[in-house]
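Only one structure is covered here, and it is reproduced in the block below.
The values are calculated or read from the model by the stated rules, or taken from the named source; none is laboratory data. All figures in this text were calculated on a predicted structure; none of them were measured in a lab. Backbone-built Cβ (ideal geometry, glycine too); neighbour counts: all protein chains shown. Accessible surface areas use protein heavy atoms only, side chains included; no ligands, DNA or RNA. Shrake-Rupley method; radii C 1.70, N 1.55, O 1.52, S 1.80 Å.
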Amino acid sequence: MLPAGVRPYTETAPLAAFFLGVSSGFPYAMIGATLTTRLAQDGIDKKSITAFSLAFLVYNLKFLWAWVVDGVRIPVLGRLGQRVSWLLLAGVFVIAAVANLALVNPSSSLLYTAYAAVLVGVAGATFDIVIDAYRIELLKPEQLGVGSGMSQYGWRIGSVAAGALALILAARVGWEIAYLACAAFALPAMITGLVAGEPARHREPKERRGMMEAVRAVYGPFTEFFRRQGAFLVLLFILLHKIGDTLANLTLRLLLDDMGYTNDEIAIYDVGFGFWAYLIGIFVGGILYAQMGMKRSVLLSLVLMAISNASFAALAAAGHSNWGLAAAITFENFASGIGGVVVIAYFSALCDLRFTASQYALISAAASIVGRLLTGTTAGAMVESFGYVNFYLFTTVIAVPGILLFWVMMRTGLVDASVGTAGTVGAGDVRADPEEADAAGIPKAR
């Protein structure tokens, strides 16, 4: 008999969220840290390497075509359901894009490598649109915390496993074979869709009968969101909360390369310490979410993630140290694991079930766009001009406005007012305080 705290993780929907996360994480690894290492080893300069992070901007633009995933029915495959059919199509697109990136040579054509990276970004962003919508609609409100945790378990396993596999294979058989092998990480989500089927909470948008109705399908999801009380403050928080974290993480591999860490050392300490710290952080995040409620657990996670950026400054100041690397990666991943549960649960609860794909695409895209722009346009120059230590201290300081804004939103009731039907329809209500929920007999958020 499983303990009561473990049983929710074995339910069908959270398990499905895990396998969706595995596939969601790997395209990020292919054009993130892995590509950074590949370019650095090919002798590409730092400014050019950090500019490649602009490929991630495609993820920040995905809300522009997310309405297609919500409203366009795929011929033939559409009989499997709106979400399942798009999951299969997007999965095939990702596999093809990663295979294309495997075949380019950065040394001979940096421009074609950039095109290939952007194509992986487009494919990965589309895959994310479908995966996020499928996950949110599959989970009940009371499962959003557990489901977000399981999704993050999968995301970390998918991204770390793909990144580590690419590093290990590249050192032995070359980057081409490494990338081709990693393309198989798209399969878990595709298989999950076929096994679990169309989510019961999926709500079809209003049928479109003319040109104006078709136009409303594009902007309707966004106008619904912005009609909510405090919606612009919520969007401002989404834009600000991850600036420091994005800057710190997308430049970490440059720091490690300059400090002389080998591929094997990076793989060992990222997997051996960071990977397990992240899993522990997710577990702790689930406990905090259940015991403290959504609002207080989100605030705590924001503080921890800001402090974690300072650990990279300490690592840069200490110099090459395997134990220093282990400590910095452990703390950063532990804090990120907690945030990965509680912040994503909050963002998931913001969605209206009629527009899940469109609204979550807007939210997740906005969450890192400022950090992506800063990383791609100025991060490399900032590192070169005033050094890694001051750079990572800067990323700590710029995380503070997001923390203060969320605290104000809590005190004024705007966090509760911003929640959509994804957080209220079905068993449980994410707005309920854990103690109040127990007293009222409301299923506690997990």
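What the table shows:
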{"item": "Among (1) at positive phi; (2) surrounded by fewer than 21 Cβ atoms within 10 Å (Cβ to Cβ), the one test that ALA317 misses", "result": "(1)"}
{"item": "Selection within segment 282-295 - part of a helix (DSSP H, G or I) and either in contact (Cβ under 8 Å) with a residue 60 or more places away in the chain or among the β-branched types (Val, Ile, Thr) (or both)", "result": "ILE282, PHE283, VAL284, GLY285, GLY286, ILE287, TYR289, ALA290, GLN291, MET292, MET294, LYS295"}
{"item": "Residue within segment 168-184 that is at pLDDT 85 or above, under 26 Å from ASP264 (Cβ atoms) and surrounded by 24 or more Cβ atoms within 10 Å (Cβ to Cβ) present", "result": "yes"}
{"item": "Among (1) open to solvent by less than 20 Å² (accessible area, probe 1.4 Å); (2) not in a helix (DSSP H, G or I) - the single one GLU198 does not satisfy", "result": "(1)"}
{"item": "Residue in segment 368-377 that is surrounded by 24 or more Cβ atoms within 10 Å (Cβ to Cβ) and either among the hydrophobic types (A, V, I, L, M, F, W, C) or over 16 Å from LEU239 (Cβ atoms) (or both) present", "result": "no"}
{"item": "Lone unmet requirement of (1) within 30 Å of GLN229 (Cβ to Cβ); (2) more than 16 Å from the chain's Cα centre (by Cα); (3) crowded, with 20+ Cβ neighbours inside 10 Å; (4) modelled with pLDDT under 85 for GLN291", "result": "(3)"}
{"item": "Selection from segment 95-119 of residues that are small (Gly, Ala, Ser) and in contact (Cβ under 8 Å) with a residue 12 or more places away in the chain", "result": "ALA96, ALA97, ALA99, ALA102, SER107, ALA114, ALA116, ALA117"}
{"item": "Elements of type helices (runs of 4 or more DSSP H) contained in segment 46-120, each with 3 or more residues being modelled with pLDDT of 80 or more", "result": "63-71, 82-102"}
